[in-house]
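For reference, the structure discussed in these notes is given below.
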Amino acid sequence: MRLNFLSGLMPRVWRAIKQFAAMSVQLSQTMLPQVLSINTSPVKSDILSQIMKTKFQIILAMAVALGAFRVTSLLAQETNAAPVRVGVYDSRAVAYAWFWNDAHQRQLKELSQQARAAKTAGVTNRYQTLAADLRRQQEAIHREVFSSAPPNEALAEIKDRIPEIEKQAGVTALVSKWGAAALKQFPRAETVDVTGELVRELKLTEIQLKTISEIEKSKPVPLDECNELIRKGKI
């Protein structure tokens with residue numbers, strides 16, 4: 001439609017230019033014998049008025065044409081630009097994979113041993129601090145695996161590998177598929193699921209991978225509902 005508009009507009013510009021040129025010749029022929037005279041006749045005045053009107057039409061037409069061409073060029077650039085691709089992932093799967101990752105399990109085991117040792121030794125303050133830390137981690141992983149809380153620890157664990165994952169997937173960013181606010185930043189982007197790529201970095205067993213497949217079959221529990229279940233001790 002825009003190209004049709006331009007093709008229809010340019011002939012009108014050209015006709016206006018020709019009209020202006022013809023009227024300029026007419027004026028010069030009329031005024032040539034009286035070049036040094038300051039006396040203006042009604043005919044000359046009419047011709048001058050018509051020329052000024054024509055010049056205005058030319059300027060207006062050229063401005064419209066250039067403006068339309070600029071808009072069309074910008075639209076063409078946007079159309080020809082490479083489409084934005086965003087990697088999406090199931091945050092629950094990534095959180096579950098991080099929880100069962102060997103490195104994290106060793107950290108949990110060490111923390112539990114320290115808590116038991118403190119309790120056995122009667123170091124109550126130390127035991128309470130360690131027990132609170134374990135409880136906090138448990139509640140956090142419940143929010144991440146059962147609901148849609150972001151798996152920040154998991155992503156931090158594999159942060160050095162994320163640029164390569166993005167490169168291989170051809171994406172410019174990674175966003176949780178449950179992160180509605182983050183996804184709104186890319187309204188026209190093509191999405192690529194990279195859940196498997198992220199999970200593989202955490203090196204799970206076949207049984208654990210099957211559990212992830214089951215997790216992905218269902219939708220996450222709403223976060224407020226998950227918090228209530230945690231408060232009641234049901235998860």
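Work out the FRET efficiency for E190 and L108 from their Cβ-Cβ distance, taking R0 = 41 Å, and round it to the nearest 0.05. Mind dumping the intermediate values first?
Details: r = 38 Å, r/R0 = 0.93.
About 0.60, to the nearest 0.05.
Which aspartates and glutamates, on any chain, are close to K210 with Cα under 13 Å apart, when same-chain ones fewer than 8 places away are left out?
The qualifying aspartates and glutamates are none; the list is empty.
Show me the ranking of peptides 163-173, 141-151 by mean Cβ neighbours inside 10 Å, starting with the highest. Don't jump to the answer; show the numbers that get you there.
On the way: 163-173: 13.7, 141-151: 21.8.
Ranking the peptides 163-173, 141-151 by packing returns 141-151, 163-173.
Take the Cβ-Cβ distance between T120 and I215 as r, set R0 to 35 Å, and report the resulting FRET efficiency rounded to the nearest 0.05. Write down the numbers at each step before the final one.
On the way: r = 37 Å, r/R0 = 1.05.
The pair T120/I215 has a calculated efficiency of 0.45.
Could you give the size of the charge dipole of the stretch 85-231 about its Cα centre, using +1 on the Cβ of each K and R and -1 on the Cβ of each D and E, expressed in debye and rounded to the nearest 20?
The calculation lands at about 320 debye.
Quick note: the coordinates plus some simple rules give every number you see, no bench work behind them. Computed from a prediction, not measured in an experiment: that's the story for all the values here. Here Cβ is always computed from backbone atoms with ideal geometry, including for glycine, and neighbour counts include all displayed protein chains.
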